[in-house]
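Here is the structure we will look at.
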Amino acid sequence: DLSYQELDLPTQRTTAVVWADGDDELDKVQDALYWSLGPCPIARYRASTGDNSAVRLSDLIDWHHYLDQPLYRDYFLPDRVDHMVDLGMPAPAGQLRSYFLLRRTGESDFSDRDRTVLEMLRPHLARVEMEAALRRQLSEALHVQDGDDEPAPSAKLTAREHEIVQLVAEGKTNA
């Protein structure tokens, strides 16, 4: 499984989660259970070191010690999650953002090569995030803040310029 998550450490809340299948609904009961038992060793490691490099769970905790943890028994074991690798992304203080991959019971742990591939993806993921943020800003600048879909008045843009900015905000390319 592949997911993206945002964690707020001071409030012990998961503020966003998106699974590769497009599911972005946050299960509040599961989130409360996670924080009552955790956070996981990877989140603890990132919070204490600020290191955003790709890291496997097995890099941080001995396998047998992990199996004895309530976080594993009560949170990860029911979903048969045995292995994790996590790629941290820049985030404001007190926040953690990352892409993580999970492997089920019976599958092998992630390899050094897997970590290297994730590290190689980091600049591309950062670029995608930057472009998405720019599209959001453009879209917000073009629309009235009350939720109306009508473009905000702009005395400085011609109708054609406004149309082009709208297309860029939608992610369109030159082609």
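General observations
- Any hit, the range 89-111, residues being under 15 Å from the mean Cα position of the chain (by Cα), under 20 Å from D24 (Cβ atoms) and free of Cβ contacts under 8 Å to residues at least 60 places away in the same chain: yes
- Residues of the range 82-100 that are farther than 16 Å from D114 by Cβ and surrounded by 13 or more Cβ atoms within 10 Å (Cβ to Cβ): M89, A91, Q95, L96, R97.
- Residue tally, condition aliphatic (A, V, I, L, M), in contact with an Asp or Glu (Cβ under 9 Å, 6 or more places away or on another chain) and within 14 Å of L87 (Cα to Cα), over the range 18-54: 3
- Candidate set: the range 6-27, residues that are touching a helix residue (DSSP H, G or I) at 6+ places or on another chain (Cβ under 9 Å) and assigned to a strand (DSSP E or B); chosen: the one most open to solvent (accessible area, probe 1.4 Å): R13
- Subset of the range 46-64 [free of Cβ contacts under 8 Å to residues at least 24 places away in the same chain and either over 27 Å from V117 (Cβ atoms) or within 18 Å of the chain's Cα centre (by Cα) (or both)]: G50, H64
A quick yes/no check of all residues on (1) closer than 18 Å to S108 by Cβ; (2) in contact with a Pro (Cβ under 9 Å, 6 or more places away or on another chain); (3) charged (D, E, K, R); (4) assigned to a helix (DSSP H, G or I):
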site: Y34; (1), (2), (3), (4): no, no, no, yes
site: R73; (1), (2), (3), (4): no, no, yes, yes
site: D82; (1), (2), (3), (4): yes, no, yes, no
site: L87; (1), (2), (3), (4): no, no, no, no
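- Scanning the range 28-53 for residues that are of a type in the set (D, E, K, R) and farther than 17 Å from H65 by Cβ, we see that the one that is most open to solvent (accessible area, probe 1.4 Å) is K28.
- Scanning the range 109-127 for residues that are under 21 Å from V81 (Cα atoms) and open to solvent by 80 Å² or more (accessible area, probe 1.4 Å) yields D112, R113.
The values are calculated or read from the model by the stated rules, or taken from the named source; none is laboratory data. As the structure is a computational prediction, the values presented were derived from the model and not from experiment. No Cβ is skipped: glycine too gets one built from the backbone with ideal geometry, and neighbour counts run over all protein chains shown. These accessible areas exclude ligands, DNA and RNA; they are computed on the full protein's heavy atoms, side chains included. Shrake-Rupley method; radii C 1.70, N 1.55, O 1.52, S 1.80 Å.
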